[in-house]
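Inspection log for the structure reproduced underneath, given as C-alpha cells.
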Amino acid sequence: MKKIFAANWKLFKSPKETREFFAQFKELAGKATGEVVFFPSAISLEAASESLKGTSIKWGAQNAYFQAQGAFTGENSAQVVKDLGGSYILIGHSERRSLFGEGDALVADKVAFVQGLGLTPMLCIGETLQERESAKTFRVLETQLNLGLAKADKTKPLVVAYEPVWAIGTGKVATPEQVAETHTDVYSILKALGFESAPILYGGSVKPDNAAGLIKQPHVNGFLVGGASLEAKSFSEIASV
Ligand code: 13P
C-alpha cells in the first residue's frame, strides 16, 4: 500500500507564510517516499493551491460542511476546495470533536458528502487518556468507525488517521508497541466494516526522530503530523522515512 505523509497546520501560517514554506519545501520534496498532503488553514488554501500547481503534492481543507453552499455562516465548502484543485478533506479531528462539539453523526454526513464529490475524506479517530487507562480504546475506536462510516461508500477512496488524543501536541508519542497493537485493531475493525483497503495513518507527536520506528509497525501506512510539519526541513525528514 502506498504511504501517505500528511501535514495538519491547524490555525498556523498566513497566505504569505504558506507561499514561503512551499518555496522551500518543493526543493526537499523529491526525497518523499510516499504521497505528501497538506492541510493549511482555510484562509491559506488558495495560496497553497497556487504554490502547488504543477507538482504532485496534494492538499485539502481541515474541515468542510456537508453541503456545497448555502446559509452556513463560518463553514468551508468542499466543492470550492475541489474547484481550487484540492484532493482531501480532514474530518472529525479530535480538536473539532472536543472544541467545536462535532459528533459522529455530523462526521458521517461529511464523510459521505466528501466522497460523493470525488474528494478523499481523511477520517480522524482516537481515544482519550482516560479511555485508554480504563481499557476502552477498542470500543471507542470501533464506535467512531462504525458511526463515522455509517453513510460511507466502500468503493470510494477513504483514509483513516488514528490519533490518540493524549499524544496530540503533548510530545508524548505512543510507543511502537502501542501503535502496532492499536493499528492492528483499527485494521480489523475496518475489515469487518468492508473498508480494509483504507490506509491507516498514525498521528500524535510524530517527529523526525521517532518516525522511522513507527513506520515499521504493522498497518502503519503513513503519518498525520501537526507541530513538526510547520518546518519544511523536519516535515521533509518525516516524509522520507
Ligand atoms: P502533533 O503532531 O503536533 O502532536 O499534532 C498531531 C495532530 O493533531 C495532527 O492532526
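The values are calculated or read from the model by the stated rules, or taken from the named source; none is laboratory data. Note that the structure is predicted; figures quoted are calculated from it, not measured. FYI the Cβ positions are ideal-geometry reconstructions off the backbone, even for glycines, and counts take in every protein chain you see. What goes into the accessible areas is simple: the full protein's heavy atoms, side chains included, and nothing from ligands, DNA or RNA. Shrake-Rupley method; radii C 1.70, N 1.55, O 1.52, S 1.80 Å.
A single entry from Thr155, Thr182, Thr170 fulfils the requirement of being buried (at least 20 other Cβ atoms within 10 Å of the Cβ) and either out of contact with any Lys or Arg (no Cβ under 8 Å at 6 or more places or on another chain) or part of a helix (DSSP H, G or I) (or both): Thr182. Any residue at all in the range 59-69 that is under 14 Å from Phe235 (Cβ atoms) and either without any contact (Cβ under 8 Å) to a residue 40 or more places away in the chain or of a type in the set (A, V, I, L, M, F, W, C) (or both)? Yes, that holds for at least one residue.
Consider Leu224 carefully, then state whether it is more than 16 Å from the ligand (Cβ to nearest atom), among the aliphatic types (A, V, I, L, M) and under 25 Å from Arg97 (Cα atoms). So Leu224 fails the test. In the set (1) open to solvent by less than 10 Å² (accessible area, probe 1.4 Å); (2) more than 16 Å from the ligand (Cβ to nearest atom); (3) within 24 Å of Val160 (Cβ to Cβ), the condition left unmet by Thr18 is number (3).
Does at least one position in the range 104-121 carry a residue that is under 25 Å from Gln217 (Cα atoms) and not in a loop (DSSP other than H, G, I, E, B)? Within the range 104-121 (the criterion being under 25 Å from Gln217 (Cα atoms) and not in a loop (DSSP other than H, G, I, E, B)), the answer is yes, since at least one residue qualifies.
Only one of the listed residues (Lys53, Lys110) is open to solvent by 50 Å² or more (accessible area, probe 1.4 Å) and either of a type in the set (D, E, K, R) or in contact with a Lys or Arg (Cβ under 7 Å, 6 or more places away or on another chain) (or both). That residue is Lys53. Listed by first and then second residue, the pairs with beta-carbon distance under 6 Å, at least 6 apart or on different chains, first residue in the range 163-187 and touching a residue at least 60 places away in the same chain (Cβ under 8 Å) and more than 8 Å from the ligand (Cβ to nearest atom), second open to solvent by 20 Å² or more (accessible area, probe 1.4 Å) and assigned to a loop (DSSP other than H, G, I, E, B), are Val165/Thr128. Selection of the range 2-15 for residues being open to solvent by less than 90 Å² (accessible area, probe 1.4 Å) and either more than 17 Å from Met122 (Cβ to Cβ) or in a strand (DSSP E or B) (or both) yields Ile4, Phe5, Ala6, Ala7, Asn8, Lys13, Ser14, Pro15. Any residue in the range 99-107 that is touching a residue at least 40 places away in the same chain (Cβ under 8 Å), open to solvent by less than 10 Å² (accessible area, probe 1.4 Å) and out of contact with any helix residue (DSSP H, G or I) (no Cβ under 8 Å at 6 or more places or on another chain)? Among the residues of the range 99-107, not one is touching a residue at least 40 places away in the same chain (Cβ under 8 Å), open to solvent by less than 10 Å² (accessible area, probe 1.4 Å) and out of contact with any helix residue (DSSP H, G or I) (no Cβ under 8 Å at 6 or more places or on another chain), which makes the answer no.
With respect to the conditions (1) touching a strand residue (DSSP E or B) at 6+ places or on another chain (Cβ under 8 Å); (2) open to solvent by less than 30 Å² (accessible area, probe 1.4 Å), Asn76 falls short on a single one, namely (2).
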